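Worksheet: one structure, shown below.
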Amino acid sequence: MDHTNHVDGCQRAWHHIDVARFLFVVLPVVSHLSAPLAIAQALEDAGHEVAWCGPRSDLRPLIGPDATLHPTGKRWYRPDGESGMASVRSLWEGHVLPANRFIRDAADRAVADCRPDVVVADQYALAGALAAYRHGVPWATVCVGTLELTPPTDGMPGFAGFVRAQLDRVWAMADLPVDEHLDLRFSPYLTIGLTGPALTGPAPLPPRCVLTGPALGRRPHAPAFDWDAWDPGRRHLLVTVGTMAEHLAGDFYRRMIAATAPLADRLQVILTAGPQLVPDPPAHVLVAPRVPVLELMPRLDALVSHGGLGTVSEALAHGVPVVVAPIRHDHPTVARQVARAGAGVEVSFRSATPAELTVALTAVLDDPTYRANARRVGDSFAAAGGAATAAAHLAELAAAPPGRPGTHRPLSNAHGGTSLT
C-alpha cells in the first residue's frame, strides 16, 4: 500500500473570485474514473477550477502534471465471483469500508486545505461526503453504477438493512454521530446518475437526483490499437468484462470464441484480455489487454459486456446493441434494463453454452430492432446532456447561496437530464 498523503500542487492559489472551485474525491477503481474525468473537463472548459483527491498512480496520467492532486495512496481490491447478496457483502466489507477508512484522513485534509465550493464524490467515496459534511461544504454524489441508485427489488433479501448497517459503520469510522436524516450514498444537495429513464424506467430515484446519461469526454493516454489488423470487410464485436473481472473470465472467453466461430467469415472479434487468458486466438479474434473504447464504439456492430454501466451506456450512446452476461453487484440490474429497453439480450456468464451465445449474438447482429432500440436509448442520452449537463448542475450548486442541505434545486429539463425535487 502507498500511504503517501502530501499534496501535489495544492499550494497554487485559486484565482478569479467568480470561478467556482471543485474537489473530486474518487476511489482507486479505474472504471470509476472516466465519468468524473469527463465532468471535470466540462467544468474546466467552462472556466472553473478542479482539484482531485485520489490515487496518484491512477489519476496523474489522466489529469496531467499541473493539476492539483491530494494523493490518497491506493488500496487494491480484487473481487471474487460471488453473486447476489454475497457479492454485495463482499463489495462493502471487502472494498467500500476498508477503502474509505484508508482515504479518510487524506479526504478530510483535502477539503480543509483547498476550501472548495463543492465536493464531488464518487458514490462509494463516502469519506469525501463525510469530509464535506464535517467542514460545512456542499457536496454532490456521482453514481457510476445502478446498484444503489435503483436497488434490486428481488433476489437480494435484506439488501436495504445490510447497507444501512454499513452506513452506520462509516459514521463511526469518521468519529461522527449518525445523522438519521442523511443517507451518505446520496447527497442532499445533488445526486448525479449517469444513466437515463430509457433504462431505469419507473424505478423511484433519490431526492435531488438528476439523470444525465453517460459522461463522455477526452481520455488521455488511451491505448493504441492495431488498426492494420482491422478487417473492413467484416462486422465487428467487442467482448469485454471490464477492468476488475478478467481473472474470472477465462472460461467465458473460451465459450465466446467457440460461439463466434460459426460467424467467423463475417465477424471480427476484439477481445480485451491479457495474452495468458487467450494464448492462441483464432484468426477472427484480435486480443488486446486494453483498447480505446470510445474510438471503437462508432465502428462496432455489437458489444458483449459483463454489465458494467459505464461500458454498456457508452455502447448505447453510440447506438450499439449489447449482449449482457452479468457477474455480480448491479450487473443483473443493468442486464434487465437493457433487455427491457429492447436494446440487447441477457445471457448467463457462468453457464451459457457456445450455442446459446451464438443465438444471442446472431439476434443483436441481424435483428434490426435491437440496433433501433439502442439508437433510441442513445438519443435519450444525448438529450440528457451527459458531462455538460452534470457540470452545469454542479456550477449551479456552487453558485447557490449557503443554505441547509436540500435547498439546491436541479436545473429544469430544458437544460437536459431528469430532475426529481
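Please treat every number below as a calculation from the coordinates, not as lab data. What you see is a predicted model, and the numbers here were worked out from it, not measured in a lab. So basically every Cβ, Gly included, is an ideal-geometry build from the backbone, and we count neighbours across all protein chains shown.
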For GLU346, the residues 5 or more places away or on another chain with a placed amide H closer than 5 Å to its own amide H are VAL324
For the range 323-334, in residue order, the Karplus 3J(HN,Hα) values (coefficients 6.51, -1.76, 1.60; θ = phi - 60°; whole Hz; Gly and Pro = x) are 9, 10, 10, x, 10, 6, 6, 8, 4, x, 5, 4
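Report the calculated FRET efficiency for ASP231 and ARG89 (r = Cβ-Cβ distance, R0 = 41 Å), to the nearest 0.05.
0.40
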Let's see if you can work this out: charge +1 on each Lys and Arg Cβ, -1 on each Asp and Glu Cβ, no other charges. What is the dipole magnitude of the chain about its Cα centre, in debye to the nearest 20? 260
What do you get for the angle between helix 159-173 and the principal long axis of the chain? Use alpha-carbon atoms, 0 to 90 degrees, nearest ten. 40
Of the candidates TRP227, THR260, GLY274, the farthest towards the positive dipole end of the range 227-381 (Lys/Arg Cβ +1, Asp/Glu Cβ -1, centred on the Cα centre) is THR260
Fully extended, how many nm does the chain gain between ALA363 and ALA339 (0.36 nm per residue separation, minus their Cα-Cα distance)? 7.4 nm
Between ARG350 and ALA283, 0.36 nm times their residue separation minus their Cα-Cα distance comes to what? 21.6 nm
So if I place +1 on the C-beta of Lys and Arg and -1 on the C-beta of Asp and Glu, and nothing else carries charge, what would the dipole magnitude of the range 227-381 be about its Cα centre? I want it in debye, nearest 20. 280
Determine the calculated [θ] at 222 nm for the chain from helices alone, applying -39500 (n - 2.57) to every DSSP H run no shorter than 4 residues and normalising by the residue count; nearest 500 deg cm²/dmol. -11000 deg cm²/dmol
Rounded to two decimals, the Rg over Rh value of the chain from Cα coordinates and the Kirkwood Rh reads 0.96
Among LEU205, ALA302, PHE102, flag the residue with its Cα farthest along the positive direction of the charge dipole of the chain, charges on Cβ as +1 for Lys/Arg and -1 for Asp/Glu. LEU205
Rank by packing, highest mean first: peptides 288-294, 344-350, 146-152, 124-130, with packing defined as the count of other Cβ atoms within 10 Å averaged across residues. 124-130, 146-152, 344-350, 288-294
Based on the mean of other beta carbon atoms within 10 Å per residue, what is the order of 385-391, 64-70, 254-260, most packed first? 385-391, 254-260, 64-70
Put a dot 7 Å past each Cα toward the Cβ at ALA203 and ALA264; how far apart are the dots in nm? 3.9
So for R0 = 30 Å, FRET eff. of ASP45-ARG376 from the Cβ-Cβ r, to 0.05, ends up at 0.55
For the range 227-381, state the semi-axes of the equivalent ellipsoid (square roots of 5 times the eigenvalues of the alpha-carbon gyration tensor), sorted largest first and rounded to whole angstrom. 21, 18, 15
